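One structure, pasted below without further comment.
The values are calculated or read from the model by the stated rules, or taken from the named source; none is laboratory data. Because the structure is a prediction, the values reported are computed rather than measured. Reconstructed Cβ throughout: ideal geometry from the backbone, glycine too, with neighbour counts over all protein chains shown. Ligands, DNA and RNA are excluded from the accessible area calculation, which covers all protein heavy atoms including side chains. Shrake-Rupley method; radii C 1.70, N 1.55, O 1.52, S 1.80 Å.
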Amino acid sequence: MGGVVNMIWTWQMVQPTSFNKETKETTPGKLEKKQIPVPQLQPGEVLVEVAGCGVCHTDLGYFYDGVPTVSKPPLTLGHEISGTVVAGDQAWIGKEVIVPAVMPCRKCILCKTGRGNRCLDQKMPGNSLALFGGFSSHIPVPSVDLCEVKKRGNIPLSHLAVVADAATTPYQAAKRADLQPGDNVVVVGITGGVGQYMGQMAKALGAKTVIGIARNQEKLNRALKFGADVVINSTDKDAGAISKEFRGICKERGLPATGWKLFEVSGSKPGQEIALGLLSFTGKLIVVGFTLAKTEYSIGRLMAFDAEIIGTWGCLPEYYPIVLDMVLSQKINIEEFVEIRPTSSIAETFAQAHKSPPMKRIVLTPDF
Ligand SMILES: [Zn+2]
Ligand SMILES: [Zn+2]
C-alpha cells in the first residue's frame with residue numbers, strides 16, 4: 001500500500017479488433033500501457049489496489065469478437081477483481097475486498113424487487129464503469145457493493161478474484177432454478193470457466209446427482225473430482241445420442257426421468273440443443289451461457305412437460321459473501337482452477353485464451 005496514490009497504471013483497450021465487411025480486412029485490436037489520474041473520489045467511493053483480475057470469456061468477446069462495451073474505447077477491460085482498499089471511505093481503508101462484477105443502481109424497480117442482478121442501470125468494471133477496469137494497478141468503485149474478505153487462510157487474495165463472476169454466477173443460477181438438496185442436475189459445458197463452478201455449486205448446495213457434459217476429456221476427468229458424479233463426453237455426438245446416453249445412465253443408477261434441473265453454461269448452439277433435448281417432465285432449463293446463435297424448439301413441449309426455460313444474468317452483490325464462505329470453507333475449490341500471470345502478459349494471454357480455452361482461469365496480477 002503506502003502513500004497517497006495519484007495515478008493509476010493500466011492496460012487500456014485502445015481499440016478492439018475490427019473487421020471491414022467491404023475489404024474483408026481485419027484490423028487487430030490494440031492494448032496499451034497507460035497512466036491515468038485517480039479521479040476525485042465521491043462520498044461512498046473507494047480506491048482499490050488490485051491484487052488480481054481474472055481473464056473472462058467476456059473480455060475476449062469485447063476484444064476479438066465485436067461485442068461492444070457500454071463505455072466506448074479507450075477503456076480498461078477486466079471485471080473479476082480482488083484487492084485492498086487504499087483510499088476513500090475511511091471505514092473501508094485497509095480492508096481486503098472482492099469487487100462484484102455487476103453493481104446494481106439500487107434505485108430502480110428491478111433493484112427494489114430483488115432483481116437487481118439485471119438492473120438496467122448497473123455498473124460493470126471493464127465495461128460500463130467509465131473507463132475503469134481490473135487490468136490496472138488501482139480501480140475506483142462504490143463501497144456499498146464490496147464484499148469484504150476475512151480469514152482467507154492460505155488462499156492468496158489474487159486467487160479470490162474468480163469469486164467475482166466465475167463462482168458467483170452459478171450461485172445466482174442455482175437460486176433462479178430454486179435448487180434444493182436432493183435435486184438431480186445436469187451441467188452442459190461443465191468444463192468451462194463458469195461451468196466448472198456450476199457443477200461444484202450444485203453439489204455444494206446438496207444436489208443428489210450432478211451429470212456433467214462437455215468435450216474435453218481431461219477437463220471432464222477433473223470435473224469428476226470436483227462436483228460431477230457422472231460425465232458424458234459429447235464429442236461427435238448429436239443431441240439425440242446424448243439423450244440416449246443420459247437415459248441409460250438414469251436407468252443404471254435408478255434415477256427418475258422427471259424433475260431434472262438443467263444448466264446450459266456452454267453458451268453454444270450444440271450445447272443448447274443438448275440441454276433442450278434433455279428437458280422433460282417438470283424439468284427446468286436454466287440458460288447461463290450466452291450465444292447469438294438461434295436454436296429451434298417447439299415450445300408447445302413446455303406445456304406438455306409442465307416444464308420451464310429460465311434465463312439468468314450475473315449475481316446480486318448480496319450473495320457474494322455466501323459464495324466467498326463456500327470458497328473459504330473449501331466447499332468450492334478454486335485453487336485447482338486458477339493460474340497466476342503478470343498483467344504485462346495481457347496481450348499474449350488474451351491471444352492464447354482466445355485460441356484455445358485454458359485449463360485454468362488466468363488471473364493477472366499487477367506488475368507495473
Ligand atoms: Zn466474467
Ligand atoms: Zn437498478
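Among the residues of the range 124-137, write down those that are more than 20 Å from the chain's Cα centre (by Cα) and either aliphatic (A, V, I, L, M) or surrounded by 22 or more Cβ atoms within 10 Å (Cβ to Cβ) (or both).
Correct list: Ala130, Leu131.
Scanning for something more than 13 Å from ligand 2 (Cβ to nearest atom), under 20 Å from Glu45 (Cβ atoms) and surrounded by fewer than 24 Cβ atoms within 10 Å (Cβ to Cβ), does the range 151-174 turn up at least one residue?
No - not one qualifying residue is present in the range 151-174.
Among the strands (runs of 3 or more DSSP E) lying completely within the range 251-327, list those that include at least 1 residues that are open to solvent by 40 Å² or more (accessible area, probe 1.4 Å), modelled with pLDDT of 95 or more and within 16 Å of Gln172 (Cβ to Cβ).
Fully inside the range 251-327 and qualifying: 284-287, 308-311.
Another one. Cβ-Cβ below 6 Å, separation at least six or inter-chain, first residue in the range 204-217 and under 19 Å from Ile334 (Cα atoms), second among the hydrophobic types (A, V, I, L, M, F, W, C) and part of a strand (DSSP E or B): which pairs?
Val210/Val185; Gly212/Val187; Gly212/Val231
So is Thr58 among the β-branched types (Val, Ile, Thr), surrounded by 18 or more Cβ atoms within 10 Å (Cβ to Cβ), assigned to a helix (DSSP H, G or I) and within 16 Å of ligand 1 (Cβ to nearest atom) or not?
Considered against the rule, which asks whether it is among the β-branched types (Val, Ile, Thr), surrounded by 18 or more Cβ atoms within 10 Å (Cβ to Cβ), assigned to a helix (DSSP H, G or I) and within 16 Å of ligand 1 (Cβ to nearest atom), Thr58 comes out as yes.
Within the range 104-111, identify whether any single residue is touching a residue at least 60 places away in the same chain (Cβ under 8 Å), outside any loop (DSSP other than H, G, I, E, B) and not hydrophobic (A, V, I, L, M, F, W, C), and answer yes or no.
Scanning the range 104-111, I find no residue that is touching a residue at least 60 places away in the same chain (Cβ under 8 Å), outside any loop (DSSP other than H, G, I, E, B) and not hydrophobic (A, V, I, L, M, F, W, C), so the answer is no.
This table checks each residue for (1) at pLDDT 95 or above; (2) surrounded by 12 or more Cβ atoms within 10 Å (Cβ to Cβ); (3) away from ligand 2 (no atom under 16 Å from the Cβ).
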site	(1), (2), (3)
Glu22	no, no, yes
Glu32	yes, yes, yes
Cys53	yes, yes, yes
Phe63	yes, yes, yes
Val67	no, yes, yes
Gln90	no, no, yes
